[in-house]
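Structure first, then comments.
Bear in mind that the values in this text are calculations on the coordinates, not laboratory data. Keep in mind that what you see is a predicted model, and the values were worked out from it rather than measured.
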Amino acid sequence: MLQQTRSKISYDEVLANVIEKVRKQGYDNIRADLSDYDSPHQLIGKTNNVNFTPDVTATKNEGKAYFEISTKMDNPNELINKWKLLETLASMKNGTFQIYVPHGHMKFTQELVKDHNIRAEIVKI
């Protein structure tokens with residue numbers, strides 16, 4: 001998602017920052033699309049057959065957690081579907097769903113979460 005922004009900070013730098021925060025929270029078995037990590041498993045939405053890959057996944061206390069990096073976009077429908085799927089999976093697997101938000105993208109993220117009743121912890125980065 002973050003690759004679509006014009007930010008001077010690269011997606012890999014933000015992803016590495018998120019992974020470090022996840023590790024500090026006590027998560028292990030971290031998966032991310034970054035060198036030195038296994039990629040997260042691809043998820044398939046049943047309603048529209050669209051494939052989703054979480055930015056980061058991890059486990060803690062037998063629960064599976066999903067972590068996303070949010071950025072503004074013109075057509076967020078696919079993002080909303082992805083977040084709803086990740087929210088549901090986290091709930092089913094006794095885990096959590098956190099959305100990490102870079103500077104300048106908080107209002108967009110908060111409105112999406114509120115307007116679409118997505119249960120997620122929003123974390124400013």
(request) Please give the calculated 222 nm ellipticity per residue for the chain, where each DSSP H segment of at least 4 residues contributes -39500 (n - 2.57) and the sum is spread over every residue; nearest 500 deg cm²/dmol? (result) -10000 deg cm²/dmol
(request) Return the single residue from K64, K84, K93 with maximal mean-square fluctuation; model: Gaussian network over the chain, springs between Cα atoms under 10 Å. (result) K93
(request) Specify which labelled value, from [x] 20, 18, 14; [y] 32, 22, 14; [z] 24, 15, 13, agrees with semi-axes √(5λ) of the Cα gyration tensor in Å derived from the coordinates of the model shown. (result) [x]
(message) Compute the distance from the alpha-carbon center of region 37-80 to that of region 95-113, in whole Å.
(response) 13
(request) Pull up the DSSP beta bridges for region 2-124 and report the antiparallel fraction as a percent, rounded to 5. (result) 55
